[in-house]
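The values are calculated or read from the model by the stated rules, or taken from the named source; none is laboratory data. Given the structure is predicted, the values throughout are model-derived calculations rather than measurements. We place every Cβ from the backbone using ideal geometry, glycine too, and count neighbours over all the protein chains shown. Only protein heavy atoms, including side chains, enter the accessible area calculation; ligands, DNA and RNA are left aside. Shrake-Rupley method; radii C 1.70, N 1.55, O 1.52, S 1.80 Å.
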Amino acid sequence: MIEIKPITGTVDAIVTVPGSKSYTNRALITAALADGESTITNALFSDDTKYMASSLNVLGIPIEEQQDVNKFIVHGKGGTIPARQTNLFVGNAGTAMRFLTAMLTLGNGVYEIDGVTRMRQRPIQDLLDGLRQLGADVISKHNDGCPPVIIRGKGLNGGLAVVKGDLSSQYFSALLMTAPCAKKDVIIEVKGNLVSKRYVDMTVALMREFGVNVENNDYKTFFVKSGQHYKATHYEVEGDASAASYFFAAAAITGGKVRVVGIGSDSLQGDIHFVDVLKSMGCKVVIGSNWVEVLGNSLHGVDVDMGDMPDVVQTLAAVAVFAHGKTRVRNVKTMRIKETDRIAAVVNELRRMGISAVEYEDGFEIEPSPPRPAQIETYDDHRMAMSFALIGLRSTGISIKNPECVSKTFPDYFQRLEALRGGL
Ligand SMILES: O=C(O)C1=C[C@@H](OP(=O)(O)O)[C@@H](O)[C@H](O)C1
Ligand SMILES: C=C(OP(=O)(O)O)C(=O)O
């Protein structure tokens, strides 16, 4: 357990954050499918990316890890997968589970992918159904629509897959990244509305960097022409916008100033728009080509649709505690199938601090009041730990249980949060 000591005064800091988890794990996949050596710099080294890199290694695609300089060197195998029979374990890394499931349909062997208990509760059936429509042999081992999954690789035919868009964009990113290696063209049709769209934009952009084109028809259909090949390349990962949100929030909560360097105006990461939410609450925001700055101010509550940035909703919950008036978050029911049921977790932990919160199917409403001392449960969810620690910057007696869970995406989070006290 870690107790967060309140900051006296305001924060005034320039910070860097680790590389984006989403881009790092995408780049590892596309580099693995390219032919030859790719380098990925400013990569994130955390549980989620280590599970991805070590899985690829076990599959016979060598990855050198130079953690001291945040660099992966990937020896891609041009769309082939050397291993014939492998059991992989990916912890609770949703991206690793979904992206590897699709990629392994290209192999020629039997592969099983499993994860922690929570991963076994996170749905994957819609992705499996999509892959089957493209000719793959993939099943949920216990027939419950969740991992472990078994993939009997035999190459992917291609064709049309109609896939439900309401649970996770990761299914679409997984299908898209694998699609160029199919025998025929691939058309993916989205059934219903697609959630978390910005992550699919990131996938399409990343694939472009590795030499492959995707046609996006207004998020209704995606078309990937066969015969395209990923080219080995050098890819520099931009800073992680979800990780940056905690430092923007620290500026908002303390009425201070934080500039995050390494992410800027042309970022496609949806979570960078967290600063727009802070702006609508009263903060001042300035954006440069390679940095984003937030200046805190008197805050008021908001009513906001966070469907395009579900990973920063918990950060907003922490900020909302210090605003005047209620905050209502909408359209984030996918939060219920992430590391934990995040809607229930946020509401529980706010109530533990004596703050009134109402739970809705698709979000929550917070009526702020001064938090009372509490030991915060984190439910093994890195974002519960990182967000609720922010409340401790302005209230006494806030402790975070199992703070080690931040290793999923941000291993040295608490050191960097601590560094805010003296500026950086
Ligand atoms: O594609 C990605 O990198 C991600 C997509 C999002 O998941 P959903 O698409 O399941 O909402 C997000 O929550 C996750 O942290 C990373
Ligand atoms: C939801 C998350 O992760 P994933 O789905 O990739 O496990 C997250 O990092 O907040």
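Residues in the stretch 109-151 that are among the hydroxyl-bearing types (Ser, Thr, Tyr) and over 17 Å from Ala93 (Cβ atoms): Ser140 alone.
Of the helices (runs of 4 or more DSSP H) entirely within the stretch 327-424, those holding at least 2 residues that are free of Cβ contacts under 8 Å to residues at least 40 places away in the same chain and not polar (S, T, N, Q) occupy 342-352.
Suppose the filter is away from ligand 2 (no atom under 16 Å from the Cβ), closer than 28 Å to Ser168 by Cβ, in contact (Cβ under 8 Å) with a residue 60 or more places away in the chain and assigned by TED's automatic domain parsing to the domain that holds Leu176; does Ile63 pass it?
Values: away from ligand 2 (no atom under 16 Å from the Cβ): yes; closer than 28 Å to Ser168 by Cβ: yes; in contact (Cβ under 8 Å) with a residue 60 or more places away in the chain: no; assigned by TED's automatic domain parsing to the domain that holds Leu176: yes.
Spelling it out, it is not the case that Ile63 is away from ligand 2 (no atom under 16 Å from the Cβ), closer than 28 Å to Ser168 by Cβ, in contact (Cβ under 8 Å) with a residue 60 or more places away in the chain and assigned by TED's automatic domain parsing to the domain that holds Leu176.
The rows are residues; the columns are (1) at pLDDT below 95; (2) crowded, with 24+ Cβ neighbours inside 10 Å; (3) under 16 Å from the mean Cα position of the chain (by Cα); (4) more than 13 Å from ligand 2 (Cβ to nearest atom).
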{"site": "Glu293", "(1), (2), (3), (4)": "no, no, no, yes"}
{"site": "Asn297", "(1), (2), (3), (4)": "yes, no, no, yes"}
{"site": "Val302", "(1), (2), (3), (4)": "no, no, no, yes"}
{"site": "Met309", "(1), (2), (3), (4)": "no, yes, yes, no"}
{"site": "Gln314", "(1), (2), (3), (4)": "no, yes, yes, no"}
{"site": "Ala318", "(1), (2), (3), (4)": "no, yes, no, yes"}
{"site": "Asn331", "(1), (2), (3), (4)": "no, no, no, yes"}
{"site": "Asp341", "(1), (2), (3), (4)": "no, no, yes, no"}
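Annotation: of all residues in the stretch 235-263 being β-branched (Val, Ile, Thr) and part of a loop (DSSP other than H, G, I, E, B), the one that is farthest from the chain's Cα centre (by Cα) is Ile263. Looking across the stretch 154-174, the residues that are of a type outside the set (Asp, Glu) and open to solvent by 10 Å² or more (accessible area, probe 1.4 Å) come down to Lys154, Gly155, Asn157, Gly159, Leu160, Val162, Lys164, Leu167, Ser168, Gln170. Taken together, Ala83, Ala96 contain a single residue that is in contact (Cβ under 8 Å) with a residue 24 or more places away in the chain and within 16 Å of ligand 1 (Cβ to nearest atom), which is Ala96.
Conditions (1) within 16 Å of ligand 2 (Cβ to nearest atom); (2) under 22 Å from the mean Cα position of the chain (by Cα), marked per residue:
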{"site": "Glu112", "(1), (2)": "no, no"}
{"site": "Met119", "(1), (2)": "yes, yes"}
{"site": "Leu127", "(1), (2)": "yes, yes"}
{"site": "Asp144", "(1), (2)": "no, no"}
{"site": "Leu156", "(1), (2)": "no, no"}
{"site": "Leu160", "(1), (2)": "no, no"}
{"site": "Lys164", "(1), (2)": "no, yes"}
{"site": "Thr178", "(1), (2)": "no, yes"}
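The residue of the stretch 117-153 that is surrounded by the fewest Cβ atoms within 10 Å (Cβ to Cβ), among those that are in a loop (DSSP other than H, G, I, E, B), out of contact with any Phe, Trp or Tyr (no Cβ under 9 Å at 6 or more places or on another chain) and among the hydrophobic types (A, V, I, L, M, F, W, C), is Cys146.
Can you go through Lys191, Lys183, Lys257 and tell me which one is basic (Lys, Arg) and either closer than 29 Å to Leu390 by Cα or not assigned by TED's automatic domain parsing to the domain that holds Thr30 (or both)? Break it down into steps so the answer makes sense when it comes.
Details: Lys191 fails: either closer than 29 Å to Leu390 by Cα or not assigned by TED's automatic domain parsing to the domain that holds Thr30 (or both); Lys183 fails: either closer than 29 Å to Leu390 by Cα or not assigned by TED's automatic domain parsing to the domain that holds Thr30 (or both).
Only one candidate passes the filter, namely Lys257.
I'd like to verify a number: residues in the stretch 195-212 that are open to solvent by 10 Å² or more (accessible area, probe 1.4 Å) and hydrophobic (A, V, I, L, M, F, W, C), how many? The number of residues fulfilling the criteria is 3.
Only one entry in Ser280, Ser242 is of a type in the set (Ser, Thr, Tyr) and either open to solvent by 50 Å² or more (accessible area, probe 1.4 Å) or farther than 30 Å from Pro62 by Cα (or both), namely Ser280. Going residue by residue through the stretch 264-287, is there one that turns out to be in contact with a Pro (Cβ under 7 Å, 6 or more places away or on another chain) and part of a loop (DSSP other than H, G, I, E, B)? Checked the stretch 264-287: no residue is in contact with a Pro (Cβ under 7 Å, 6 or more places away or on another chain) and part of a loop (DSSP other than H, G, I, E, B). Of everything in the stretch 12-27 that is surrounded by 24 or more Cβ atoms within 10 Å (Cβ to Cβ) and in a loop (DSSP other than H, G, I, E, B), the residue that is nearest to ligand 1 (Cβ to nearest atom) is Ser20.
Condition check ((1) of a type outside the set (Phe, Trp, Tyr); (2) crowded, with 19+ Cβ neighbours inside 10 Å) across all residues:
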site: Asp47; (1), (2): yes, yes
site: Glu65; (1), (2): yes, no
site: Gly78; (1), (2): yes, no
site: Arg84; (1), (2): yes, no
site: Phe99; (1), (2): no, yes
site: Thr105; (1), (2): yes, yes
